[in-house]
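To start, the structure under review is shown below, and the notes come after it.
The values are calculated or read from the model by the stated rules, or taken from the named source; none is laboratory data. Because the structure is predicted, anything quoted here is derived from the model rather than measured. Using ideal geometry, Cβ is built from the backbone for each residue, glycine included, and neighbour counts are taken over all protein chains shown.
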Amino acid sequence: MIAKLTNLAPMFFAGAAAAAIAVAPLASAAPAPPPCTNPDGTPCASIGNVDANPNGGADVNIPNGPQGTADNSGAQGVIPNGPSGSADNTGATGSLGPNGPSGSADNSGASGCWPNVGCINIPAG
């Protein structure tokens, strides 16, 4: 048995050497970038905050960027100069921007407006 292991030893060393050579590029490679980066290259989590409330809510705040909150009573979110919306158990409202279409809906019906085109109201019924 010892004779067989002695004959196999060079094969084990060759296999270990091959594995070391194969893994060497990975060991010297640069670390992987974070999964999310801002335009300036910083990780997303370093400039914003996400807070989870143990009572069932969450807040997101990225300075000069998207903001939102959600809890048991509803949710709202906004992107500066972009879309915004809110919803609760009585209805929902949203807009695609300061000069974009907007609308709302609740138990009494729905309404919406398109700038320079007009508005419409649709009663529930």
As an exercise: evaluate Ala75 against (1) farther than 24 Å from Asn49 by Cα; (2) in a strand (DSSP E or B); (3) out of contact with any Cys (no Cβ under 8 Å at 6 or more places or on another chain) and give the number of the one condition it does not meet.
(1)
Checking Cys119 against (1) of a type outside the set (Gly, Ala, Ser); (2) within 27 Å of the chain's Cα centre (by Cα); (3) modelled with pLDDT of 90 or more; (4) assigned to a strand (DSSP E or B), which test does it fail?
(2)
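Would you confirm, using the coordinates I've provided, whether Ala52 is assigned to a strand (DSSP E or B) and either in contact with a Phe, Trp or Tyr (Cβ under 9 Å, 6 or more places away or on another chain) or at pLDDT 85 or above (or both)?
Details: assigned to a strand (DSSP E or B): yes; either in contact with a Phe, Trp or Tyr (Cβ under 9 Å, 6 or more places away or on another chain) or at pLDDT 85 or above (or both): no.
Taking the combined requirement at face value, the residue does not satisfy it.
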What is the number of the single condition among (1) at pLDDT 90 or above; (2) under 24 Å from the mean Cα position of the chain (by Cα); (3) more than 24 Å from Asp51 (Cα to Cα) that Gly97 does not meet?
(1)
